[in-house]
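*Asks:* Okay, handing you the structure first.
Nothing in this text is a laboratory measurement; each read-out follows from the coordinates by a stated rule. Bear in mind the structure is a predicted one, so any value in this text is a computation, not a measurement. Quick reminder, even Gly has a Cβ in these numbers, built from the backbone with ideal geometry, and neighbours come from all protein chains shown.
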Amino acid sequence: MVPGEGKLQKITVYTARCIHTMDPGRPTASAIAVSEGRIVSVGSLTSMQPWLRRFAHEIDTRFADDVLLPGFIDPHTHLRMSGTFMGLHYVGPITSQGPAGPIAGLPDREAALARLQALVDEQNDPDIPVITWGYDPGMQGGHLDRDMLDRISDRVPIWVLSYAPHIVYTNSPMLEMTGVTQDTEAHGIGRYGDGRLNGWFIESPAVAMAFRPVRQQVYRPGFGREALYRQGQVAVRNGITTVADLLFGSESFETEWADHHQAATDPAFPLRMLLIPQESRLAEKFGGGRFDYLKRMRAQGNDKLAVHGVKFVNDGSYPSMTLRLNFPGYLDGEVGLRGGTPWEDMVDCMLPYWQAGIQIHSHANGDETVDMTLDTLAELQRRQPRFDHRFTIEHYCISTVAQGRRLAALGGLASVNPYFVHYRALIHADSGFGPDRAEATARLGTLAEAGVTFALHSDFNLVVGPMAPLTAAWVAVNRIAADDATVMAPGERISVDRALRAVTVDAAFVLRRDHEIGSLEVGKRADMAILGDDPYTVAPARLRDVPVKGTLLGGVPNLAQP
């Protein structure tokens, strides 16, 4: 064969200080050959000579001093929704991404109130609300309320969305704009002890009421596409090449698909995206035609965008302390919330998807909800036994050793949020769940010992935490609390290798994409994270400090912007 002829287009060979492949048979390499967005060969310049002698190629040494890994995968995000909030003024506790770049967090309530005061002082038109997001009462020292915000201004409307968007705080002028009065009777409208409105709007129905007067400003024209492009840059800075959104359809199936499709067809957009429909919205919108809809949408996918599986939401959240707990329950006697599907109907609701071979993702934060989910999976298996079903428990925050073993026995998977161990566990040891459950949040060591395949995710950014897989891995390996000293349930720590698998090839397995992404093997897509140091050789305590320089998507570099 004459060099340069053949079926392959020109090969690009990237060299690196080290390439970690996540292929256990060939775990490391020093060069990777790419053509047409896929991997041709992984090894060394010497080992791949049979390819290089036959085809036109170039050697690209720009990453010669760097370390390459498979592109990181975050299998549970909400990029369009949360990216919309990131276009607003930020008053939260951790560093976030704004329209002009990273924004430093505010350490406490006083700092947040000072920031709100500055925004009000900058407001030229007192009739236009100051719209902000990101406040977290757990990390910033308590709730805001109407009287506090009125002391900042009783003329300029102030609207504050909490980081996990379960609460909106308002002052008196903003409260008036919502149309809520002292006589309004609705679930989630907050009041002081004397019955006076305190400016709170809590959980979905009430939050929807608070959104009414600011909806056009928050959801301005083009907001969805802006949000995705903003989040794309966040992903590149953190080495992420694939994400899954687990609330597809929460606003509009048609509009959300259009925004994602436009981004995915842009060659410069640096992400692959999977959209997992919210089952309650799917059933409400399409009823008996929902399976036809899913089939039709799967046919419209491409290598950067696909509809996948279905999600059931079965309890509340960890940071808002609305998950469901077994005995002895919450410290303060709360009971938490169930999801929209009655638990007694769960088997019948999940069964049609199970029978259709559609992967089920079941949101379960609390151990009571995990029990219900495992009972449901067991009954599904009894009615129609299945292999390789990849039924996935999402979040899996509070669980027991027995539940981990039962999940393994039933062939289930877990997609776990580990960030709470660092960012929230100390808070909830004394507020919410008690020390035992808070310390054992995210039992990854138990899952590893039981033989469960699991992924690490961020839920970005509907909970307080970054979309930073190396930080997730650092938490999983070290389990250091927010005081940077306390080790939370040391027996639940996992190895560096297992943590990195959980953000690469095991995350791909959870999304049923491990045949395409997640490891650097011949034939797979050439998606990589570019790191400035080697996560396998740095001290485990420094794992989160490994610099991320960018990504390659289909072999095309995307370098992180400052």
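*Asks:* One quarter of the convex hull surface, Cα atoms only: what value does that give for the stretch 472-562 in nm²?
*Replies:* In nm², the orientation-averaged hull projection of the stretch 472-562 is 7.2.
*Asks:* Label points 7 Å out from Cα along the Cβ direction at ILE128 and ASP436: separation in nm?
*Replies:* Modelled inter-label distance: 5.5 nm.
*Asks:* What list of ³J(HN,Hα) values in whole Hz, one per residue of the stretch 498-507 in order, does the Karplus curve 6.51 cos²θ - 1.76 cosθ + 1.60 (θ = phi - 60°) give from phi, with Gly and Pro shown as x?
*Replies:* So the J values, rounded to whole Hz, are 5, 5, 5, 4, 6, 10, 10, 6, 6, 5.
*Asks:* Additional query: If the cut-off is 29 Å between C-alpha atoms, which lysines fall inside it for LYS10, apart from same-chain ones fewer than 8 positions away?
*Replies:* LYS304, LYS524, LYS549
*Asks:* Nearest 5 is fine: what % of DSSP beta bridges in the stretch 230-363 come out antiparallel, could you say?
*Replies:* About 15 percent, rounded to the nearest 5.
*Asks:* Net charge near PHE433: determine it from the other residues with C-beta under 14 Å of the C-beta of PHE433, scoring Lys and Arg +1 and Asp and Glu -1.
*Replies:* -4
*Asks:* Between the stretch 39-109 and the stretch 464-505, how many Å separate their Cα centres?
*Replies:* 19 Å
*Asks:* So how long is each side of the stretch 125-279 along the principal axes, counting just the alpha-carbon atoms, biggest first, in Å?
*Replies:* Computed over the Cα atoms, the extents are 56, 32, 31 Å.
*Asks:* Additional query: What is the dipole size for the stretch 362-470, taken about its Cα centre, with +1 at each Lys and Arg Cβ and -1 at each Asp and Glu Cβ, in debye to the nearest 20?
*Replies:* Using only the charged Cβ atoms, the result is roughly 340 debye.
*Asks:* Exposure proxy check: THR322, THR28 ranked by fewest other beta carbons within 10 Å? Working shown, then result.
*Replies:* On the way: THR322 21, THR28 12.
With the fewest neighbours first, THR322, THR28 line up as THR28, THR322.
*Asks:* Measuring from the lowest to the highest alpha carbon on each principal axis, how far does the stretch 19-151 reach, largest first, in angstroms?
*Replies:* Computed over the Cα atoms, the extents are 74, 31, 26 Å.
*Asks:* What number comes out for the charge environment of ASN171, summing +1 per Lys or Arg and -1 per Asp or Glu over other residues with Cβ under 11 Å away?
*Replies:* -2
*Asks:* Output the peptides 69-77, 214-222 sorted from most to least packed, where packing is the average of other Cβ atoms within 10 Å over each peptide's residues.
*Replies:* On the way: 69-77: 28.9, 214-222: 12.4.
Going from most to least packed, we get 69-77, 214-222.
*Asks:* Scan around THR441 for amide H atoms under 5 Å from its own, H built in the peptide plane at 1.01 Å from N, and keep only partners 5 or more places away or cross-chain.
*Replies:* Correct list: empty.
*Asks:* Specify the inter-centroid distance of the stretch 535-560 and the stretch 252-278, based on alpha-carbon positions, in whole Å.
*Replies:* So the two Cα centres are separated by 25 Å.
*Asks:* Run the dipole for the stretch 67-198 about the Cα centre, Lys and Arg Cβ at +1, Asp and Glu Cβ at -1, nothing else charged, and hand back the magnitude in debye, nearest 20.
*Replies:* Details: 8 positive and 16 negative charges, 70 e Å.
So the magnitude is around 340 debye.
*Asks:* Moving on to the next point. Of the listed peptides 466-476, 168-178, 344-354, what is their order by residue-averaged count of other C-beta atoms within 10 Å, with the highest listed first?
*Replies:* Ranked by mean Cβ neighbours within 10 Å, highest first: 466-476, 168-178, 344-354.
*Asks:* Hey, another quick one. Below 8 Å between Cα atoms, with a sequence gap of 6+, how large is the relative contact order for the stretch 11-65 in percent?
*Replies:* 45 percent
*Asks:* With volume of the Cα convex hull per residue in Å³ in mind, check (1) 200; (2) 156; (3) 173 and report the label derived from this structure.
*Replies:* From the options (1) 200; (2) 156; (3) 173, the structure gives (2).
*Asks:* Could you give the size of the charge dipole of the stretch 140-258 about its Cα centre, using +1 on the Cβ of each K and R and -1 on the Cβ of each D and E, expressed in debye and rounded to the nearest 20?
*Replies:* The calculated dipole for the stretch 140-258 is roughly 420 debye.
*Asks:* To continue, here is another question. If you count, for each residue, the other Cβ atoms within 10 Å and average over each peptide, how do 185-194, 535-544, 35-44, 269-278 line up from highest to lowest?
*Replies:* 269-278, 35-44, 535-544, 185-194
*Asks:* Same structure again: If you plug each phi of the stretch 213-224 into the Karplus form 6.51 cos²θ - 1.76 cosθ + 1.60 with θ = phi - 60°, what whole-Hz ³J(HN,Hα) values come out, in order, with x for Gly and Pro?
*Replies:* x, 10, 4, 5, 7, 6, 9, 6, x, x, 4, x
*Asks:* Quote the FRET efficiency, to the nearest 0.05, computed for ALA356 versus GLN233 with a Förster distance R0 of 45 Å and r equal to the Cβ-Cβ distance.
*Replies:* 0.75
*Asks:* Just to be sure I understand: of the beta bridges DSSP finds with both ends in the stretch 80-218, what percent are antiparallel, rounded to 5?
*Replies:* Roughly 60 percent of the beta bridges in the stretch 80-218 run antiparallel, per DSSP.
*Asks:* For ALA111 and GLU449 in one chain, what is 0.36 nm times their gap in residues minus the Cα-Cα distance, to one decimal in nm?
*Replies:* 117.3 nm
*Asks:* Right, another one. Would you grab the residues whose amide H sits under 5 Å from the one on THR486? Only those 5+ places off in sequence or on another chain, please, with H modelled 1.01 Å from N.
*Replies:* Here ALA481 satisfy the definition.
*Asks:* For ASP266 and ARG17, FRET efficiency with R0 = 30 Å and r from the beta-carbon atoms, rounded to 0.05?
*Replies:* After rounding, the FRET efficiency stands at 0.40.
*Asks:* How large is the direction-averaged shadow of the alpha-carbon convex hull of the stretch 11-65, in nm²?
*Replies:* Details: hull surface 14.8 nm².
Over all viewing directions, the stretch 11-65 projects a mean Cα-hull area of 3.7 nm².
*Asks:* Tell me, what ³J(HN,Hα) does each residue in the stretch 200-206 have, in order and in whole Hz, if you take phi through Karplus 6.51 cos²θ - 1.76 cosθ + 1.60 with θ = phi - 60° and put x for Gly and Pro?
*Replies:* With coefficients 6.51, -1.76 and 1.60, one gets 8, 10, 10, 6, 4, x, 6 Hz.
*Asks:* What residues qualify as long-range amide H neighbours of ILE494, i.e. H under 5 Å apart, gap of 5 or more or another chain, H built at 1.01 Å from N?
*Replies:* VAL477
*Asks:* So, one more: I'd like the distance separating the alpha-carbon centroids of the stretch 372-428 and the stretch 293-348, in whole Å.
*Replies:* The stretch 372-428 and the stretch 293-348 have Cα centres spaced 12 Å from each other.
*Asks:* Could you calculate the FRET efficiency of ASN302 with ALA208 from 1/(1 + (r/R0)^6), where r is the beta carbon distance between them and R0 is 35 Å, rounded to 0.05?
*Replies:* Efficiency, from the Cβ-Cβ distance: 0.55.
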